[in-house]
Structures are given as C-alpha cells and as structure tokens.
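This report concerns only the one structure given below.
The values are calculated or read from the model by the stated rules, or taken from the named source; none is laboratory data. Remember, predicted model here, so these are calculated numbers, not experimental data. Because the Cβ atoms are built from the backbone with ideal geometry, glycine has one as well, and the counts that use them run over all protein chains shown.
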Amino acid sequence: MIRKLQPVEPKSATTAGWSIFQTLLESYEPRDCDIRLWDGSSWQAETPPRFTIALNHPGALEMMFSEPLELSLGETYASGDYEVEGDFEAAFRLADHLIDHAPNLKDRLRLGLGLAWLRAGQSSGKARLLSRPLFSDVAGHSRKHSELRDRLAVTHHYNLSNDFFALWLDPRMVYSCAYFASPEQDLAAAQVSKLDLVCRKLQLQPRESFLDIGCGWGGLVIHAAQQYHVQATGITLSDSQAELARERIRESGLSDKECRVLVLDYRKLMDAACYDKIASVGMVEHVGNNQLPRYFTQLFRLLRPGGLLLNHGISCTRYGEKAIQREFFDRYVFPDTEMSPLDSVLKNAEEGGFEIRHVESLRQHYVLTLRAWRENLEMRAEQAQELVGAETFRIWRMYLAAAAYSFERGHHSIFQSLLIKPRD
C-alpha cells in the first residue's frame, strides 16, 4: 500500500526524514522507487519500484542534500551512508530531478526545518572525506593538459590495479565501446567485432605501419598484428598498462618488430609521415578542447599521404552534460576529461588538413557495453572490494551506472570518424 505523507512538524529523526523526502519528491513523477529509512520504515513507490534508496543512519540525509548537491549525492553513496538497491541506472533519473528542480522558498523552509531537527539530534552525522585522493591534490599546480598533468591524470585512473579492471572487462581487456551484432551477444565477442571493425575501416594491409594512440592493455595492436599482419605500435601514458600489454604480446608469440607498446605522449612522436594508418580509440576525450588543433595537426604530420585515421571518442550532445556525471567523476574517476560536440571535433580535424570519409554513431553499442561492464563488476563485488576497497568499488559501480544512463538518454554519444590525409 502506498504511504501518503502529510506535512508534519518534525518530532523525531524519522518524521523529519519523511518530511524532507516528501518535499524533495513532490514533483517527481512517476515515483518509481521505494525509500527506506534507518529504522526500517518505508515509503512505497507509486508504480512497480525499479530501485530502493536505503539510508543507513539519520545523518545521511544532511550529508546527501548538502551543496553542491551533485557532489554530495556521489560522495555520500561512495562512503556507504546510503544504498541503491535494484536498478542503479534508473536511480539517475531521480538524481537528475533533484539537481534540476531547486526547491522554492516555501520548500526551502520546510527542508531547513527538517535538517535543523536532524542536526540537533544525537544521530546527525558529518560528511566523511573519501579515502581516494582528489586528483587536484595529486596534480598540484600543474597546467591542465600539459604533458606532466596528462600523465598524472592517466596514472590516477589506470594505475588503480590491472587485476581490478580484469575483473569486469572482457578477456582482452578492451576498455572502450564494443560493437554488438545484437543485444544478446556476449561482451567478449562484441569486443572482437569492434577490434575488427576498426581494422577494416582502416583497410589495414600486411606490412603497413600502424599506430594505436592510447593503446590500453594492447588489445587492438595484438589483434591488428595477428589478424592483419601489420607492424603495430601502441603508446600509453600508464606504466602498469604497458607492462601488462608487453606481457600479453610475448604470450601471443609476436616479436617486437611485429608489435610493441611504448610509454610515450603522442606529442613526443617526432618522425613525420612514418605511419600508414593510425587509430585513436577512447583517447580524444583526454586531449582537451583547446588542444584539439594540436592533436589533429600532430596526427596529420605522423601519417603518410593517403593514410587513414580512425578517431573514436565520446562527444557531448546538444542536450548538454548532466552535472552529477561531471563534477563527481572528474574528481574521482576521469580527471581532466573534456567532451566536445561532434561538429567541433570534425571542424578541428578539417582545419588540421584531414578529409572526412565516414562517421558512425556507436551510442547504443556503448549503452550495452557499460551495462555489461557493470554486471560483471557487481557479480565480482567481493573480489573487487578485496582489491581496491569498498569505497572505490562503489565509485566505479556508480560511474558505470551513471554513464549507461547518460548514453541511453542521449546526453552523450560516441562516434567513429574515418579521416584521410589527402595525397599531395
């Protein structure tokens, strides 16, 4: 039975809690979630519930709804003060509603009354600092998108643990959008399809020189060398990625001449016109909007005339980015990432000398990829927490759910753009 709440003067932490939720969710329709407080009392959904928000103690309310709201919701979840049970992805519609619908003056007074009661009680809590360091503390005063800061940003993300990423990625550890023949196809097969899609778009031929910028753990360079017999070079800024990629190259039986991985910034590649084909998969988001002209100029310089570039990256759409997926995740997951609209990326590519040959959206493929990653992570939750701790596990669980929601709603998209360096 649906519990109908009436405005009440708070007389306990529980009634204060219900007053706060009633005010915040008054215009949230349909209310598709259950709310459960620390004492076991619950407010049932108006429709079949997709998820449950479960508060672990009264202080969680004040912590969740502090300003800035997008950060408080994320940090309070990561620290374990509330739970999201059921469909985590669906919970981001509620998060968007809370962020987008600021309370009016009357509602702010009602909220203030409830929060004041909680603060006055013995059970009120104070926000806890997350143990995962802020990237701003790691980066210090280094200039954004300088070579030093970019390496620090990549290290902050990828050096977390190779074993952690291996828990929820496919066996090749391809950390980019897969390509699904159908929603039922498994992740491993879809990632092989994506690797082959990149190679076929680039029209790789035996003995061609092939560069993969941001090569991760080597999935694409190994596939290209084995299946297309190119001379493949991958570059990354992560030492731990490069170490595992080199190990996998050796295990595959490939020689250094056939396939190699270097720890190197793309801006440090000096030889001009030395590659027949280049792939940049999931790397352009880390370049920075003001660095896009330099990025495309450098890739144009590296290609031989008639050479092809496959640029695969996330773009923000004209719907705009949702704050909860920028503020929190920029601090704790992907520092310094910048997503430009597709037209801006292609404009910079053309101004860098490239001709655009083909563009394909993979947005729905990325929704399926992100959901597969989150399902894998949740199935291995105990192992993940042993490797990186409960807090980091919760951050990544939230990140994958938020990203899937964002791509499903069309707030972000992902494109593969095939570009050619014209012959003289």
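Summary of computed values
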quantity	calculated
Where a residue in region 363-378 is more than 23 Å from residue 391 (Cβ to Cβ) and free of Cβ contacts under 8 Å to residues at least 12 places away in the same chain and its partner, wherever it lies, is of a type in the set (Asp, Glu) and surrounded by fewer than 21 Cβ atoms within 10 Å (Cβ to Cβ), with Cβ under 6 Å and at least six apart	none
Check on residue 237, within 16 Å of residue 283 (Cβ to Cβ) and surrounded by fewer than 24 Cβ atoms within 10 Å (Cβ to Cβ)	yes
Whichever residue in region 92-111 is at pLDDT 75 or above and not small (Gly, Ala, Ser) and, among such residues, is farthest from residue 411 (Cα to Cα)	98
Test: residue 253 is surrounded by fewer than 24 Cβ atoms within 10 Å (Cβ to Cβ) and over 30 Å from the mean Cα position of the chain (by Cα)	yes
Checklist (1) surrounded by fewer than 20 Cβ atoms within 10 Å (Cβ to Cβ); (2) outside any loop (DSSP other than H, G, I, E, B); (3) under 11 Å from the mean Cα position of the chain (by Cα) applied to residue 385, failing item	(3)
Boolean, residue 220 is of a type outside the set (Phe, Trp, Tyr), surrounded by 20 or more Cβ atoms within 10 Å (Cβ to Cβ) and in the same structural domain as residue 174 (by TED's automatic domain parsing)	yes
Among the residues listed as 298, 241, 291, 205, the single one being farther than 27 Å from residue 337 by Cα and in the same structural domain as residue 177 (by TED's automatic domain parsing)	205
Top-ranked residue of region 271-318 - restricted to ones that are within 20 Å of the chain's Cα centre (by Cα) and in a strand (DSSP E or B), ranked as farthest from residue 229 (Cα to Cα)	316
Total residues in region 265-283, condition of a type in the set (Gly, Ala, Ser) and surrounded by fewer than 21 Cβ atoms within 10 Å (Cβ to Cβ)	3
Odd one out for residue 262 among (1) closer than 24 Å to residue 159 by Cβ; (2) out of contact with any His (no Cβ under 7 Å at 6 or more places or on another chain); (3) crowded, with 17+ Cβ neighbours inside 10 Å	(3)
